[in-house]
Structures are given as structure tokens and as C-alpha cells.
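The values are calculated or read from the model by the stated rules, or taken from the named source; none is laboratory data. These numbers were taken from a predicted model, which means no experiment stands behind them. Virtual Cβ from ideal backbone geometry, glycine too; neighbours counted across all protein chains shown.
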Amino acid sequence: MALAGQIDSGGPRFIRSLRWWIGGILFASTVINYIDRQTLSILAPYLKQDYHWTNVDYANIAIAFRIAYTIGQTVCGRLMDRVGTRRGLSISVTWYSIVSLMTSLANGISSFALFRFLLGAGESANWPGASKAVSEWFPKRERGLAAAFYDSGSSVGGAIAPFLILPVYFRWGWRVAFVIPGMLGFLWLIGWRWLYHVPQEHPRISDAERQMILAETQEINTAGKSRLRWRDLLRLPQTWGTIISKALTDPVWFFVTDWFPIYLVAKGISLKSGLLAVWVPFLAADLGNFSAVVFLAI
Amino acid sequence: MLLLIPTIFTVNLYLIALLFGLATFSYASFSTIANVLPTDLYRSDSVASVSGLSGTGAGIGTIIAFELIGHLSDARQASGIHSFDPIVIVAGLIPFVGMILVLLLVRNTRATDQGLVRRI
């Protein structure tokens, strides 16, 4: 039996527990996704001053992102099921990295709103894509941990962002601060193209891991005959439960991610001294992601 | 996430960070379970579709929330440090309602017996 790390009859080397490396790159994608989008929230109190925005103005820019992100999740989810995870996430990350770079050219509400809209469209593919990758690569017992792993990237990205973005802003201004996260996306893309293939075609998966994953996937795919249509999905109470599980909780999380710096300033706290506060909710969320794995394991 | 509500009584940075931290901890643990729901309930070729639908639901909720936050916080600008108070109170209550609805909706049903949805 071939062991992980050995040469497979002249083929490429196996990567031991390859699915966790896949989990790792999904995590990295979520981190970069969040750094990209947090750049504006962190700079919002300063941009508000520079451009004389009210909170309604800022809300409209944030909503431009949300509209695209909202429509995008359903569209990209379906698209991801059609084009596959590898190609789908490649397109998504390329798209939003270019948009992040271009945001440095913005010069007012309309252009910020336009770039945020485009960013939201690109970033929306991350969660459907990552969920799909997890369903392709992980057996049921590990899916909770895998989902916690990639989802925790949002907290880690949010926690890293102020430390990455604010020093750049204080030194070189906001335009350069938008360039940095855009560059990270392109680095990620190189890793992704190399690492991600479905288990059936992956050149670096061991036979044992492939068989274990495929046995699990087959069990799922023989459960029904053909892909459920939209209306079939929407008739199921489970679908609505799944929708509500996000619809009534995510807005509060996005209040923290998008409004927290502005909220703190309204409370009379300066961002320079309040860096800790911007960071803590994200770190706590990270711990929360992994605490759920304990519940799921019970 | 109800713990967001007491933040209206303080301007202490550490206390605010602690209460928001406890709230986001709870949110994230619930969010992980919510992210696993489509993978556990549906077949692989519908997972991204359902995950996308739930993301769209989240987006619609967020757009409505942001519209209200912008208007309400501007209208209450004169209240200074208390301008976000009503927003924070509602933000603390809504997820609680969500949790109850999820418990009511995500159960094994006839569709589960027909193999359309996986048993949980």
C-alpha cells in the first residue's frame, strides 16, 4: 500500500491529509475576502470626514456592496454548481482583487458605490464556493470542523485588517491602503490553481483518502435522482430554516463588521486608542466558530 | 447576542469590546452550524444553490438593516453617544427570534422520508 508522501509509480508526490490543505486554502480565501471588504469600514470614519459623508451616505455605499453580494450569492451559488469549484473561485478572486485595486481610483460617493457594488458581486461567490468544496472533499463527520475552519477566516481577516490597513493609511493615505488587499488575492490565486482539483482528478491525493472521500460522496449523490429545481428547494421548510438561520443573524454580524468603527467614534472613542475594540469582536468570533464544532460533534 | 444591549449604558472601551466580543462569539458559533446546514441537508449538487439562497436572505436582511441604521443614527445625531442605542437593542433581539424559527423549521419531514433532504 502506498503511504502518504511516497512516490506513486512515477506520478507526483502525495500530500498527506490533502483535504485539510484544501480547507486551509479556503480559509485563506475567506481571510483575504474579509481584508478586502474591511478596508472601507476601517477607513470609513476618515473618508467620512474627507468627503463630508453622512451616515446615510455611508449606508448607501455599504448597501451598494450588499445588493451585489445578495444577488450574487444566489447567482454565484448556482453558477458554482455548474462550472465547478476550481474555476468558480478562480473567477471570483480574480474579479474582486482587480476591483479592490481599482477602488484606489475612487473620488466620491458614486465611484465608491460602484466599486463596492463590483466588489460585492465578486466576493459573494466565496461562501457557496467554500460550502461546495467542503461537500466535495470532507466526510460528514468532518464537515463542521471544515466549515468552522474556512468561516473563521472572516474573523481572522477582520482582526488582521486594522493592523494591516491603518498603518498603511497613516503613512501613505487611503488609496494605497486599497492596493494591498488586492495584491493578496493574486498570491492566493497561484496557490489555488495548483492545489484545488476535485478528489476524482487530484494528482496528489493518496488512494486511501480518495476512496474514503468518494465513498462518502457517492452516499450523498445516490440519495436522489436529479438536481432539485429552485421551486422544489423553496418548497422545503428546511430550505427556509436554512435561509432564516442566516437572514436574522448575519445582519448583526455585518453591523459589527461595517459599522463598528463609526459606532465607536459616535461613542466618543478614537480609533487609534480603540484599535483593541475593533479587533476583539473578530477574535471572539473566531473562537465562536470553533466552539460550534464541539456542539456539532455531540 | 442579547449581550449587545447593555453596551448602551457604557462608553468604556473595554466593556464595549467585551460585550461585543461575547455577542460575536455566539454569532460565529451559530454561523458555523448555519453554514453546515446545507451540506448536511442537501446533496452535493444543490449545496451551493441553497448556501447561495441563504446568503441572499442574509443580504436582504442586511440591506434593510443598513438602511435603518443610516437613517436612525443620522436622525439621532443630537443624542451624541446614545445615537446608536435603539439600533443596538434591536440587533440584540433579532437573532434570538431567528434561532427559534430555525428550530421550528429544520426538522425531519415527509421530504426527508422521500429522500429529497437528508435526515438530521
Quiz item: List, please: which pairs have Cβ atoms under 8 Å, are six or more places apart or on different chains, and start with a residue in segment A:187-199 that is of a type outside the set (Ser, Thr, Tyr) and end with one that is not in a helix (DSSP H, G or I)?
Solution: A:197/A:203; A:198/A:84; A:199/A:205
Quiz item: Taking segment A:233-255 as the search range and keeping residues that are more than 14 Å from residue B:95 (Cα to Cα) and at the interface with another protein chain (Cβ under 7 Å from one of its Cβ atoms), which one is surrounded by the most Cβ atoms within 10 Å (Cβ to Cβ)?
Solution: A:239
Quiz item: In segment A:92-104, which residues are within 14 Å of the chain's Cα centre (by Cα) and among the β-branched types (Val, Ile, Thr)?
Solution: A:93, A:94
Self-check item: Inter-residue pairs, beta-carbon under 7 Å, first facing chain A (nearest Cβ under 9 Å) and in segment B:84-112, second of a type in the set (Gly, Ala, Ser) and part of a helix (DSSP H, G or I), 6+ apart
Solution: B:84/A:266; B:84/B:73; B:87/B:73; B:98/A:245; B:102/A:241; B:102/A:245; B:105/A:241; B:106/A:241
Self-check item: Filtered residues of segment A:280-290 (kept if modelled with pLDDT of 85 or more and not β-branched (Val, Ile, Thr))
Solution: A:281, A:282, A:283, A:284, A:285, A:286, A:287, A:288
Quiz item: For residue B:52, are the conditions met, namely being farther than 25 Å from residue A:48 by Cβ, in contact with a Gly (Cβ under 6 Å, 6 or more places away or on another chain) and within 7 Å of chain A (Cβ to nearest Cβ)?
Solution: yes
Self-check item: Filter result (at pLDDT below 90 and either of a type in the set (Gly, Ala, Ser) or touching a strand residue (DSSP E or B) at 6+ places or on another chain (Cβ under 8 Å) (or both)) within segment B:30-58
Solution: B:31, B:34, B:44, B:46, B:48, B:49, B:51, B:52, B:55
Quiz item: Is segment A:82-100 home to any residue that is surrounded by fewer than 23 Cβ atoms within 10 Å (Cβ to Cβ), of a type outside the set (S, T, N, Q), at pLDDT below 90 and closer than 28 Å to residue A:198 by Cβ?
Solution: yes
Practice problem: Determine which member of the set B:15, B:3 is at pLDDT 90 or above and surrounded by fewer than 24 Cβ atoms within 10 Å (Cβ to Cβ). | Solution: B:15
Quiz item: Does segment B:24-33 contain any residue that is surrounded by fewer than 22 Cβ atoms within 10 Å (Cβ to Cβ) and more than 7 Å from chain A (Cβ to nearest Cβ)?
Solution: no
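Residues that are acidic (Asp, Glu) and on the phi < 0 side of the Ramachandran plot: find the helices (runs of 4 or more DSSP H) completely inside segment B:8-120 holding 2 or more of those.
B:44-75
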Quiz item: Residue check: is residue A:277 aliphatic (A, V, I, L, M), more than 21 Å from residue A:149 (Cβ to Cβ) and either modelled with pLDDT of 90 or more or in a helix (DSSP H, G or I) (or both)?
Solution: yes
Self-check item: Only listed residue being closer than 30 Å to residue A:137 by Cβ, out of contact with any Pro (no Cβ under 6 Å at 6 or more places or on another chain) and either modelled with pLDDT of 90 or more or of a type in the set (Gly, Ala, Ser) (or both), chosen from B:102, B:97, B:117, B:90
Solution: B:102
Self-check item: Filter result (without any contact (Cβ under 8 Å) to a residue 60 or more places away in the chain, part of a helix (DSSP H, G or I) and facing another protein chain (nearest Cβ under 7 Å)) within segment A:256-274
Solution: A:256, A:263, A:266
Quiz item: Considering segment A:31-78 alone, what residues qualify as being outside any helix (DSSP H, G or I) and either under 17 Å from the mean Cα position of the chain (by Cα) or facing chain B (nearest Cβ under 9 Å) (or both)?
Solution: A:54
Quiz prompt | helices (runs of 4 or more DSSP H) contained entirely in segment A:115-224, each with at least 2 residues that are aliphatic (A, V, I, L, M), within 18 Å of the chain's Cα centre (by Cα) and crowded, with 16+ Cβ neighbours inside 10 Å | solution = A:126-137, A:140-172, A:174-195
